[in-house]
Amino acid sequence: SYPQDLQQVMVSGPNLNETSIVSGGYGGTGEGIIPTSSIKGPGICYNPSILGRQIHPQAQGLRLSRGSHICPSESAASRIANQGEPCTGTSMHQSHSSSAVTAEEASRGVAVEKLDIVKKWGINTYKCTKQMISERFGRGLRTVDLELEAQIDVLRDTKRKYENILRLARALTNHFYSMVQTQRALGDTFSDLSQKSPELQDEFGYNAETQKLLCKNGETLLGAINFFVSSINTLVNKTMEDTLMTVKLYENARLEFDAYRADLEELNMGPRDAVTLSRIDTAQQQFQIHKEKYERLRSDVTVKLKFLEENKVKVMHKQLLLFHNAISAYFAGNQQQLELTLKQFNVKLKPPGADKPSWLEEQ
């Protein structure tokens, strides 16, 4: 009977996930087909109390008969096959979202840190510029260490004088090198003429030997002068320059120290409300930090000036003695004394033509 058939359909009826519900009765167009896979919740709820009621075929425009043909839907099948995918996609979307949020927070943290650095730099630059202008116009107080300032002035003056010695020594080297090359060329010319002029062979020969000997002694003296120039250059452009770099850091620290000291004094002379007290505490901390930095660099400058003075005396004593003995031996014509001087100061001579590039380097 009809109620029994309906009960069988409700209990073990067709799988509605693989079917389509046709609205508007049989023979309708395809536009009325609704895939059941898109419908959420249970397809059919079994209610035994409804078996005793009579169902009218015209109710709500739906018709169901025993011989109805239910067609499977391809879209429903494909959706059933991919039924397990939404969960994976959701988890992947959540992982991508969390990684994107982490990267965004990291970039935001870097941006905030850079902004904080720029802000601190701007405040420090403003305070130091204000202090510098106040000192220029005689309005601001300047911390002065008279003994240390005098030593720094002496160092700068000494560096200028040593730079002048270095410039003159290099000029002497260039001129003397040109003279040695001229003597070598003159000796070669005398030697050639002594072979081609029989009547003046002895005279040309004597002069050729003399020029060659002067050329050899000149190359030895050039080695001593080059060693002297190299040592002075190291002393001036490395040792003294390193000390002056520390002096510059010390002077910058002194300016910052005075700027924050003036700022703290200005706040202390103002009213003492809650906001001002907070600013005073912050200014006191900054002042203490820059005070420690200033004292540390002042100590570094004092130590470096002491070591520089000792090193300068030691180096210049050796180099001036070498320069004097080499020049005296050369112009006295004492070749043995000249060579002994170079051995005494461990000066190694380069062989002739060592500075000249090889044939391969010229190509």
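The values are calculated or read from the model by the stated rules, or taken from the named source; none is laboratory data. Note that the structure is a prediction, hence the values are computed from the model and not measured. Backbone-built Cβ (ideal geometry, glycine too); neighbour counts: all protein chains shown. With ligands, DNA and RNA removed, areas are computed over all heavy atoms of the protein, side chains included. Shrake-Rupley method; radii C 1.70, N 1.55, O 1.52, S 1.80 Å.
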Can you spot a residue in region 186-200 that is farther than 30 Å from residue 287 by Cβ and in a loop (DSSP other than H, G, I, E, B)? yes
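Taking the condition open to solvent by 70 Å² or more (accessible area, probe 1.4 Å) and not basic (Lys, Arg), does residue 307 pass?
Numbers: open to solvent by 70 Å² or more (accessible area, probe 1.4 Å): yes; not basic (Lys, Arg): yes.
Spelling it out, residue 307 is indeed open to solvent by 70 Å² or more (accessible area, probe 1.4 Å) and not basic (Lys, Arg).
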Going through 300, 258, 263 one at a time, which residue ends up being outside any loop (DSSP other than H, G, I, E, B), of a type outside the set (Gly, Ala, Ser) and open to solvent by 60 Å² or more (accessible area, probe 1.4 Å)? 300
With criteria (1) modelled with pLDDT under 95; (2) more than 34 Å from the chain's Cα centre (by Cα), residue 162 comes up short on (1)
Condition met for residue 313 (part of a helix (DSSP H, G or I), without any contact (Cβ under 8 Å) to a residue 12 or more places away in the chain, open to solvent by 80 Å² or more (accessible area, probe 1.4 Å) and more than 20 Å from residue 219 (Cβ to Cβ)): yes
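Among the listed residues 148, 186, identify the single one that is on the phi < 0 side of the Ramachandran plot and more than 37 Å from the chain's Cα centre (by Cα).
Details: 148 fails: more than 37 Å from the chain's Cα centre (by Cα).
Within the list 148, 186, the selection yields 186.
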Within region 228-250, is there a residue that is in contact (Cβ under 8 Å) with a residue 24 or more places away in the chain, closer than 16 Å to residue 163 by Cα and of a type in the set (Phe, Trp, Tyr)? yes
Taking residue 213, is it surrounded by 15 or more Cβ atoms within 10 Å (Cβ to Cβ), assigned to a helix (DSSP H, G or I) and either at pLDDT 90 or above or among the aliphatic types (A, V, I, L, M) (or both)? no
Unmet requirement for residue 219, which otherwise passes all of (1) more than 24 Å from residue 340 (Cα to Cα); (2) part of a helix (DSSP H, G or I); (3) open to solvent by 50 Å² or more (accessible area, probe 1.4 Å): (1)
Residues in region 318-363 that are of a type in the set (Phe, Trp, Tyr) and at pLDDT below 85 total 2
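Have a look at 305, 267, 297, 320 and point out the one that is under 30 Å from residue 229 (Cβ atoms), touching a residue at least 12 places away in the same chain (Cβ under 8 Å) and not acidic (Asp, Glu).
Values: 267 fails: under 30 Å from residue 229 (Cβ atoms); 297 fails: under 30 Å from residue 229 (Cβ atoms); 320 fails: touching a residue at least 12 places away in the same chain (Cβ under 8 Å).
When all the criteria are applied, what remains is 305.
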Given the residues 202, 145, 192, 242, which is the only one that is under 30 Å from residue 288 (Cα atoms) and exposed (fewer than 14 other Cβ atoms within 10 Å of the Cβ)? 242
Looking only at region 316-350, which residues are part of a helix (DSSP H, G or I), open to solvent by less than 60 Å² (accessible area, probe 1.4 Å) and of a type outside the set (Phe, Trp, Tyr)? 316, 319, 322, 325, 326, 327, 328, 329, 335, 338, 341, 342
